[in-house]
Amino acid sequence: MSLVKSISGIRGTIGGRVGEGLNPVDIVRFTAAYATQRRAALPANKTIVVGRDARLSGHMVEQLVCGTLMGMGYDVVNIGLATTPTTELAVTGEKAAGGIILTASHNPKQWNALKLLNEQGEFLNDLEGKEVLSIAEREDFVFAEVDELGHMTEKDYLPYHVEQVMKLPLVDAEAIKQRGFTVAIDCVNSVGGLAIPAMLRALGVENIIELNCTPNGCFPHNPEPLPQHLTEISDLLKQGKADIGFVVDPDVDRLALVCENGEMFGEEYTLVSVADYVLRHTPGNTVSNLSSSRALADVTAQHGGTYSASAVGEVNVVAEMKRTHAVIGGEGNGGVIYPACHYGRDALVGVALFLSMLAHDNRKVSEIRRSLPEYCISKNRIDLTPDTDVDGILARVKELYKNERVNDCDGVKIDFAEGWVHLRKSNTEPIIRVYSEAATMDEANKLAQSVMDVVKS
């Protein structure tokens, strides 16, 4: 059994002994710690939003979280089955003190998690997250007296979410409707099965081929939207049955595209393509994390903007976007963050913007993909022993490559003329992740291997 505690929340496999898996005792303890932190931050605000994906354990976790929050004196707005971005928007819609999203994102069915939001519907920052961990460790929380217990109301925030996306100036539903697209979707039997069809219908898409859209938590394949897991929708598109395919993960903050010929668009290029469309109309700056494709920097430069890289993690991307006043940003895993809607990865926003671009473009999806800067990313790892001096290794790598462009805000990233290599210690496994990118996969592998050889020596 696994239980992982971090500044972004708590996640683990369901069951097991206390402290070994995600079980009722730990769920209550961590929820109470979060409520205590929110009470200190915003003592007058007594409302917290709760939303969940469709995991098999979701209802059980939801009951525990909502009951604990009421026991801490909070009024709960329970939005039920909801995407992560829907929950984020509900926090600001309710002017709540924060929100808890019950989802383990792309993890398999035995996992679940509590992801924690502040009053802006954004993930807690480093300091806030550490406060929650400290409170949970000390069990330093006080439950409400009987006359001060909170109450729960239930609301559906999906229509509000769709409405906010439809209001975006760059979303052109009329043009989409006129094109009469046939769209295939794979929503891995989670909340995307509710949200993505609703978004498409609002955009005027009448021909929707739905794969795995029953939100019952029975994932039909590995829920991470990677090419090797998406053979069903790829085969469908190879038969010429749709103009495009959209695939989301269980909580719908990641978006993968499939071309009309069944080829994978590439999750790194979801953000790149949408950013290209946005920058055509609203030139400005962009941000992604250090492990994302250089293609975004290239596209940004083509439109006269400035690209910046952040440490890995959505909260870090958002902070850098705010600092640089970026018009769009995100992560190379298919996560699009568009501040004109909100500061969170949002597949509904990605779908609406990409279809708007496609509606105004005379090219097929595969042709749009070929028009973007071409890079290949290689993802490798170095296993560590308990006595490995990771900081020492990264310091030596930085020194050895000091004549190249080096960024050490999160591990060490070395930018070469022909590509880059990024080394960072994993927060969840005893490994160093080694990501590299170049014009071809062979070149990317060689770049990674050259740096890995230095580390191992």
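The values are calculated or read from the model by the stated rules, or taken from the named source; none is laboratory data. Bear in mind that the values here come from a model prediction, so they are computed numbers and not experimental data. FYI the Cβ positions are ideal-geometry reconstructions off the backbone, even for glycines, and counts take in every protein chain you see.
Details
- Residue match in region 60-71 (condition: assigned to a loop (DSSP other than H, G, I, E, B) and either farther than 23 Å from D140 by Cα or in contact (Cβ under 8 Å) with a residue 12 or more places away in the chain (or both)): no
- Exactly one residue out of L200, L158, L168, L226 is of a type in the set (A, V, I, L, M), surrounded by 14 or more Cβ atoms within 10 Å (Cβ to Cβ) and farther than 30 Å from G93 by Cα: that is L226.
- Matching residues in region 294-311 - criterion: being surrounded by fewer than 24 Cβ atoms within 10 Å (Cβ to Cβ) and not in a helix (DSSP H, G or I): R294, H303, G304, G305, T306, Y307, S308, A311
- Test: residue in region 228-237 that is within 21 Å of I337 (Cβ to Cβ), charged (D, E, K, R) and either touching a residue at least 24 places away in the same chain (Cβ under 8 Å) or touching a helix residue (DSSP H, G or I) at 6+ places or on another chain (Cβ under 8 Å) (or both): no
- Selection of region 80-90 for residues being under 17 Å from A113 (Cβ atoms) and buried (at least 24 other Cβ atoms within 10 Å of the Cβ) yields A82, T83, T84, P85, T86, T87, E88.
- Any hit, region 209-225, residues being in contact with a strand residue (DSSP E or B) (Cβ under 9 Å, 6 or more places away or on another chain), at pLDDT below 95, outside the structural domain of E88 (by TED's automatic domain parsing) and under 25 Å from M264 (Cβ atoms): yes
- Consider region 14-30 and keep the residues that are under 17 Å from L116 (Cα atoms) and among the hydrophobic types (A, V, I, L, M, F, W, C). The one that is surrounded by the most Cβ atoms within 10 Å (Cβ to Cβ) is L22.
- Failed item in (1) at pLDDT 95 or above; (2) touching an Asp or Glu at 6+ places or on another chain (Cβ under 7 Å), with A41 passing the rest: (2)
- Residue in region 39-56 that is in a helix (DSSP H, G or I) and crowded, with 19+ Cβ neighbours inside 10 Å present: no
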